[in-house]
Amino acid sequence: MKRFSLLLAIVTLGLSACAHYPVNRPLEQYDTNRGYRFQNLAAPNNSNSLFVILAFSGGGTRAAALSYGVLKQLKELPSIVWEGEQRSLLNEVDVISSISGGSFTAAYYGLYGERTFVDFKDRFLYRDVEGALKRKLFSPVTWVRLMSPTFDRIDLAAEYYDKEIFDHATFGTLVERNQRPYLLINATDMTMGARFEFTQNQFDPLCSDLTSYPVARAVAASSAFPVLLSPITINNYTGSCNFREPQWVAYALRDRETTSRRFLDASLLRSYEDAGERPYLHLLDGGIADNIGLRGPLQALTTTDSPWSLLGMINRKQVRKVVVIVVNAKTEPDSDLDRKESSPNLKEVLMAVATAPMDNYSFDTVALLVDSINQWQQDEKARQDCSEVLRQGCPGAEMSGGPLPSIDFYPVAISFDSLADPDERHFFKNLPTSFTLPAETVDRLIAVGGRLLMESPDFQKLLNDFQ
Amino acid sequence: MEFVLVRYPEDRMVLVDGEERGITNVILRTNRGTHRFDLGEPVEYQPESVEIYVGGTSSIKPREVIFEKV
């Protein structure tokens, strides 16, 4: 009996020692002409001049189904006429930035395109993913693997997504597919509390090659909700690939404007270049840093620092219309806390602590997008007005530099708050955040996603402007 | 948002911090802070590059950066 126990212990230890998360590979040579980057993707059926960004929030299957409903509606729209050609608005989508549950829809569409509308519902939305993951936890082999310090619950989830949903696709598959939309699958750098996107630009300072990295692991990181799931670990090989830091980083650190986003972003990037302090990164759910996936697009729209600076494209007169569709699956479950005198329990307190800051930040992020667009339009108008006053006083005179490149903006916010019917709104705002929902609920979410898009006044304005 | 007008006798690409982010003689938008401005090839202009802090500009009064042909 003792021998058997010893043998079992040895086998257990051996098996657990074998369990290790799939390691991201080092990058041999830094090269901006290679890898998963916006500028390296072709856009055969996509015009740059109409630039469409989709942002998919977190929220488990609820968020995945709502964002799928929006994609499906875009597909079903009649063609639009742009630059004299019939075009599909869905094919005009340039970037999808996603968080957590929304990352499943974004990644699937990025990998499989129109096939998404054939099998994504069965492969993910209708699936009891949560149940499948729980069943895996009951396997003795899993217990042994989880004893390893380098294999955790999130690695188990990533394996499942890799096999059952994403067919072992890597970012190399996306590079080979070579078309837009460009995906920004967002996670959170746990130490810095900052957004971490799965793009080669983000992997460059780590001297790591994203090409061989499974898309499923990026999606798993994006949806690694704290406590329920463990963080994903990434190895940092910085200093081994002749990485050249973007020029703006040194300027931002020298300016040291500590209240500016630029300084924060530069400090973050520089932190990855310290192999001594950060040989490993641990990534959590993207919702911790930005639960609607809009921060990356905002950086592109308001700075020339972003690797895919939309501002730069506008400056070069490449873009004339910008559409940003934010699909926010935020809920607001009923609460009876304020009807009771007794103090809320620990679970209730933890829920409030976990969700309130995320919701507030999401609100502020959408407000920041709208404010930025308003400011943009005011700047344009101020220059036009000034030019007109100048011409009145001095006919024929022109302001040097001419007019600002003119842009039409369409910020479209999709959320359950827009539903007019209180019962319907109540239903959707009380859905749970989980990776399993009844098929009927999934169907309702898909339908309401499409309907909310069509009912959005800003989206209607966009469609009217194409006529 | 900040505004910069890069002047040059010809139409050229403008590089902001080493990246193609604008064109000459058309106002470009950028974010506040220090930036380096260069022109696209051929390098027949001077100065070689201009490094300035861009802040406090407006769409009516952009910061001007002047390159001359040599």
* **Cubic angstrom per residue, convex hull over Cα atoms of region A:104-239** => 116 Å³
* Asked: What do you reckon, how do A:THR433, A:THR32 stack up by accessible area (1.4 Å probe), largest on top?
  -> A:THR433, A:THR32
* Give the interface area between chains B and A as buried accessible surface, both sides summed, probe 1.4 Å, in Å² to the nearest 100. => 2600 Å²
* So which chymotrypsin sites (Phe, Trp or Tyr not before Pro) in region A:253-349 are both in a DSSP loop and have at most 11 other Cβ atoms within 10 Å of their Cβ? -> none
* Which GluC sites (Glu not before Pro) from region B:1-61 combine a DSSP loop assignment with at most 14 other Cβ atoms within 10 Å? -> B:GLU10, B:GLU44, B:GLU48
* Structure fact -> Rounded to whole angstroms and listed largest first, the alpha-carbon spread of region A:304-429 along its three principal axes comes to 74, 33, 26
* Averaged per residue, what accessible area in Å² does the protein assembly as shown show with a 1.4 Å probe, protein chains only? -> 45 Å²
* Structure fact -> Too long for a 18 Å Cα-Cα cut-off, among A:LYS381/A:LYS461; A:LYS75/A:LYS429; A:LYS321/A:LYS461; A:LYS381/B:LYS61; A:LYS75/A:LYS121; A:LYS163/A:LYS330, are A:LYS381/A:LYS461; A:LYS75/A:LYS429; A:LYS163/A:LYS330
* Of B:MET1, A:MET313, which has the most accessible area and how do the rest follow, probe 1.4 Å? -> B:MET1, A:MET313
* Structure fact -> Rounded to the nearest 10 Å², the accessible area of A:ARG256 using a 1.4 Å probe with every protein chain kept is 150 Å²
* Asked: Other chains near A:402-412: what is the mean number of their Cβ atoms within 10 Å of each residue's Cβ?
  -> 2
* Stokes-Einstein D for chain A at 37 °C, 0.692 mPa s, Kirkwood Rh over Cα pairs, in µm²/s? -> 138 µm²/s
* Name the residues of region B:15-36, by number, that are at least 20 Å² less accessible with every protein chain in place than in the isolated chain; the surface is that of heavy atoms, probe 1.4 Å, without ligands or nucleic acids. => B:ASP17, B:GLU20, B:ARG21, B:ILE23, B:VAL26, B:ILE27, B:ARG29, B:ASN31, B:ARG32, B:THR34, B:ARG36
* Provide the solvent-accessible area of A:GLU398, counting protein heavy atoms only and rolling a 1.4 Å probe, rounded to the nearest 10 Å². => 120 Å²
* To do: Give, in nm to one decimal, the length gained when the segment between A:ARG25 and A:ASP408 is fully stretched (0.36 nm per residue of separation minus the Cα-Cα distance).
  => 133.7 nm
* Asked: What are the DSSP H helices in chain A that stretch 15 Å or more along their long axis, judged by alpha-carbon atoms, and whose average Kyte-Doolittle hydropathy comes to at least -1.0?
  -> A:2-18, A:60-76, A:100-112, A:261-272, A:346-393, A:439-455
* **At least 40 Å² of accessible area lost relative to the chain alone, listed for region A:293-314 with a 1.4 Å probe** => A:THR304
* Percentage relative contact order, chain B, counting C-alpha pairs under 8 Å, at least six apart -> 40 percent
* Just reorder A:ASP255, A:ASP338 by solvent-accessible area, largest first, 1.4 Å probe, all chains present. => A:ASP338, A:ASP255
* Structure fact -> Computed, not fitted: 222 nm per-residue ellipticity of chain A from DSSP H runs ≥ 4 (each -39500 (n - 2.57)), nearest 500, equal to -14500 deg cm²/dmol
* Average other protein chain Cβ within 10 Å of Cβ, residues A:245-255 -> 4
* Estimated FRET transfer efficiency when R0 is 56 angstrom, pair A:ASN48-A:ASP334 (beta carbons, to 0.05) -> 0.75
* To do: In square nanometres and to one decimal, what's the mean projected area of the convex hull around the Cα atoms of region A:226-268?
  => 4.8 nm²
* Relative contact order for chain A, counting Cα pairs under 8 Å that sit 6 or more residues apart, in percent -> 24 percent
* Asked: Rounded to a whole number, what % of the accessible area of the protein assembly as shown do carbon and sulfur atoms account for, probe 1.4 Å?
  -> 53 percent
* Looking at chain A, send over the antiparallel percent of its DSSP beta bridges, to the nearest 5. => 40 percent
* Around A:LEU184, which amide H atoms from residues at least 5 apart in sequence, or from another chain, sit under 5 Å from its own amide H, with H modelled in the peptide plane? -> A:ILE96, A:SER97, A:SER98
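The values are calculated or read from the model by the stated rules, or taken from the named source; none is laboratory data. Worth saying up front: this structure is predicted, and the values here are computed from it rather than measured. Methodologically, a virtual Cβ is constructed for each residue, glycine included, from the backbone with ideal geometry; neighbour enumeration extends over all protein chains shown. Areas reflect the complete protein model, heavy atoms only, side chains present, ligands, DNA and RNA absent. Shrake-Rupley method; radii C 1.70, N 1.55, O 1.52, S 1.80 Å.
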